[in-house]
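One structure below.
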Amino acid sequence: MAVFWDALKEAVSLLVRGDHYVYEVIWMSLRVAGVATVLGVLVGVPVGAWLGLRKFRGWGVAATFLNVGMMLPPVAVGLFVFLLLSRQGVFGSLNLLYTPAAMTVAEFLIAAPVIGAITMSGVGSVPKEVRLQALGLGASRWQSLWVVLREARVTLLSAVVAGFGAAISEVGAVMMVGGNLSSGGHNLTGTMTTATMMLVRQGKYAEAMAFALILLFIAFLITLALTYLQRGVRRRWLQS
Amino acid sequence: MGWRMSRLFGCFALAALLVLAGCGLAGCGRESGARAGSLPAGKAASSRTELVLASTTSTQDSGLFEVLIPAFEAAYPYRVKVIAAGSGEALKLGETGDADVLLVHSPAAEEVFMQQGFGLERRAVMHNDFVLVGPISDPAGVKDMKDAAAALAAIARAEAPFFSRADQSGTYARELSLWETAGVVPQGDWYKSTGQGMGETLTIADQSGGYTLSDRATYLSKKASLSLEVLVQGDKALLNQYHVITVKKARNLEGARAFLNWIVSPQVQNGVIATFGVEKFGEPLFVPNAGQSG
């Protein structure tokens, strides 16, 4: 147990002291996961909303694909992205392997289906009448779509938060396409998850603990946000 | 809202079921059972005690254990669990008693380990060698140099990309001592750390057109997927000696002793180690040398 407490104490001190490597890694994680989430929203929300509102031939197949995408094994995503970006791959000439861009692509592929699937179920559960009423009151098609999205906004926010959570906690794919590189004590492509794996392997438990603490803190914030959002809805329902 | 709750509950139930199923497949909690001396389920394994062997990623990546472990398990009633880490972590697992027996290649660190009283017995097992690998284009012009340290110095002068494991492995320890011999402090954008195992580092060096120091076994076992070439080899400073060490705090000391005596025995030395890799690579990956003092 002494090892645990020593690591915990040292971890807090690293965070307080502002160890430059630790902070570079934290920033890299937030940046890559953040950009991946924004891209995931740009793709996931329209696709999810479309599937949530329209029923068409082949809808079941499309919706199933989206739901399967939500459970994409990250390691498989990592392998696909790796093979596509590797020098022998289709996009090899772009020289993107082992860059933050490659990591963003991988995390995007993991976050986007999560955001899309949750959006689909959120938009799908908005009563049809809401849209019809909006149209009846003279709203254009886009305006009525906006009304529906507004109605589902809590689920949409949950989708964004869940997508970010999936992206930032990802290890396997990011390790494969990012390589967890550093140079001269400065971080190049390490994230909190990959750096934690590396540090544990090296027996550097204090630094690993620092990242674990930050990841836990982010998980805590995400859970808090989700709980708050969901309770907010319930309260509104009780009032109306 | 009742249906919502029940759906939520359904999700949790499903998740719990998935976790249980995953456990069944992956064998969660197996370790505790084995540690207690017997397993509650599984006839074949029930009479087997676990033996934890901590070794290096390079040994694991070479595929040697896939031959070695089944042969040992066929001869002794132990179930071997291999933890492949860097030599540094392997020694640390020996310090804490989390491993019973070690197979490592970091002589200086091993001697400290023995002096501090963490090990009982240490025997030479085999050696292979390190090789300096790099892209065919060889921007630093080190091909066929006889002196490994001089080759590293040339890479530093050319500021050609070099990928270091930087992970307390025996390979990294060797890399550092070569830099020291070369009188170069590797610094700059060209010198990058992966913090990962040998296999991964070779892939990264290959994909990035860089140099790296590798043990020959891992390089040969991955060669088919790499375009890296061996550029410098044969220098005495590149010899890589493996030792087996029984851990003083071992939970399964009997098994550890059995493994040590087994791996240095002539039939394993000549019958398993000396022939490993010949069929696949046309040359043995390791040279057994338990006969000599290490």
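The values are calculated or read from the model by the stated rules, or taken from the named source; none is laboratory data. As the structure is a prediction and not an experimental result, all values here were calculated from the model. For neighbour counting, all protein chains shown are included, and Cβ atoms are generated from backbone atoms with ideal geometry for every residue, glycine included.
Quick notes
- When the residues of region B:236-251 are filtered to those that are basic (K, R) and touching a residue at least 24 places away in the same chain (Cβ under 8 Å), the one that is nearest to the other protein chains (Cβ to nearest Cβ) is B:K249.
- Filter pass, B:T56 being away from chain A (no Cβ under 11 Å) and touching a residue at least 60 places away in the same chain (Cβ under 8 Å): yes
- The single condition from (1) within 13 Å of B:R216 (Cα to Cα); (2) part of a loop (DSSP other than H, G, I, E, B); (3) touching a residue at least 60 places away in the same chain (Cβ under 8 Å) that B:P284 fails is (3).
- From the list B:T201, B:T194, B:T212, B:T171, the one residue that fits, being surrounded by 24 or more Cβ atoms within 10 Å (Cβ to Cβ), within 14 Å of chain A (Cβ to nearest Cβ), out of contact with any helix residue (DSSP H, G or I) (no Cβ under 7 Å at 6 or more places or on another chain) and not aliphatic (A, V, I, L, M), is B:T201.
- Strands (runs of 3 or more DSSP E) wholly inside region B:82-179 that include at least 2 residues being under 24 Å from A:S182 (Cβ atoms) and not small (G, A, S): B:119-134, B:162-164
- Flag: A:G138 does not match the condition of being over 19 Å from the mean Cα position of the chain (by Cα), surrounded by fewer than 16 Cβ atoms within 10 Å (Cβ to Cβ) and under 30 Å from B:T57 (Cβ atoms).
Each row is one residue, and each column tells you yes or no for (1) surrounded by fewer than 21 Cβ atoms within 10 Å (Cβ to Cβ); (2) more than 24 Å from B:K81 (Cα to Cα); (3) in contact with a Leu (Cβ under 6 Å, 6 or more places away or on another chain); (4) not assigned by TED's automatic domain parsing to the domain that holds B:A84.
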residue: B:A158; (1), (2), (3), (4): yes, yes, no, yes
residue: B:D167; (1), (2), (3), (4): no, no, no, yes
residue: B:K223; (1), (2), (3), (4): yes, yes, no, yes
residue: B:G234; (1), (2), (3), (4): yes, yes, no, yes
residue: B:T246; (1), (2), (3), (4): no, no, yes, no
residue: B:R251; (1), (2), (3), (4): yes, no, no, no
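- Filter result (part of a helix (DSSP H, G or I) and touching a Ser or Thr at 6+ places or on another chain (Cβ under 7 Å)) within region A:164-182: A:F164, A:A167, A:I168, A:V174, A:M175, A:G178
- Counted residues, region A:90-117 - those being of a type in the set (F, W, Y) and more than 11 Å from chain B (Cβ to nearest Cβ): 2
- Some residue of region A:80-89 being modelled with pLDDT of 90 or more, on the phi > 0 side of the Ramachandran plot and within 14 Å of chain B (Cβ to nearest Cβ): no
- Annotation for region B:114-137: at least one member residue is acidic (D, E), closer than 23 Å to B:G255 by Cα and at pLDDT 95 or above.
- Cβ pairs under 6 Å, 6+ apart, first in region B:223-235 and at negative phi and in contact (Cβ under 8 Å) with a residue 60 or more places away in the chain, second in a strand (DSSP E or B) and not acidic (D, E): B:L228/B:V133; B:V230/B:V131; B:V230/B:V133; B:L231/B:L132; B:L231/B:G134; B:V232/B:L132; B:Q233/B:V131
- Odd one out for B:V185, checked against (1) away from every other protein chain (no Cβ under 14 Å); (2) among the hydrophobic types (A, V, I, L, M, F, W, C); (3) more than 30 Å from A:L83 (Cα to Cα); (4) surrounded by fewer than 21 Cβ atoms within 10 Å (Cβ to Cβ): (1)
- Scope region A:156-180; condition surrounded by fewer than 24 Cβ atoms within 10 Å (Cβ to Cβ), within 14 Å of another protein chain (Cβ to nearest Cβ) and more than 8 Å from the chain's Cα centre (by Cα); matching residues: A:S158, A:V171, A:G172
- Of residues in region A:182-197 being at the interface with chain B (Cβ under 8 Å from one of its Cβ atoms) and surrounded by fewer than 24 Cβ atoms within 10 Å (Cβ to Cβ), the one modelled with the highest pLDDT: A:L188
- Those residues of region B:147-166 which are out of contact with any strand residue (DSSP E or B) (no Cβ under 8 Å at 6 or more places or on another chain) and either at positive phi or modelled with pLDDT under 95 (or both), in sequence order: B:E159
- Residue within region A:92-113 that is under 14 Å from A:G52 (Cα atoms), in a helix (DSSP H, G or I), modelled with pLDDT of 90 or more and of a type outside the set (A, V, I, L, M) present: yes
- Per-region count, region A:54-91, residues of a type outside the set (F, W, Y) and in a loop (DSSP other than H, G, I, E, B): 12
- Candidate set from region A:207-228 (those that are in contact (Cβ under 8 Å) with a residue 60 or more places away in the chain and either of a type in the set (S, T, N, Q) or surrounded by fewer than 19 Cβ atoms within 10 Å (Cβ to Cβ) (or both)); member that is farthest from the other protein chains (Cβ to nearest Cβ): A:L213
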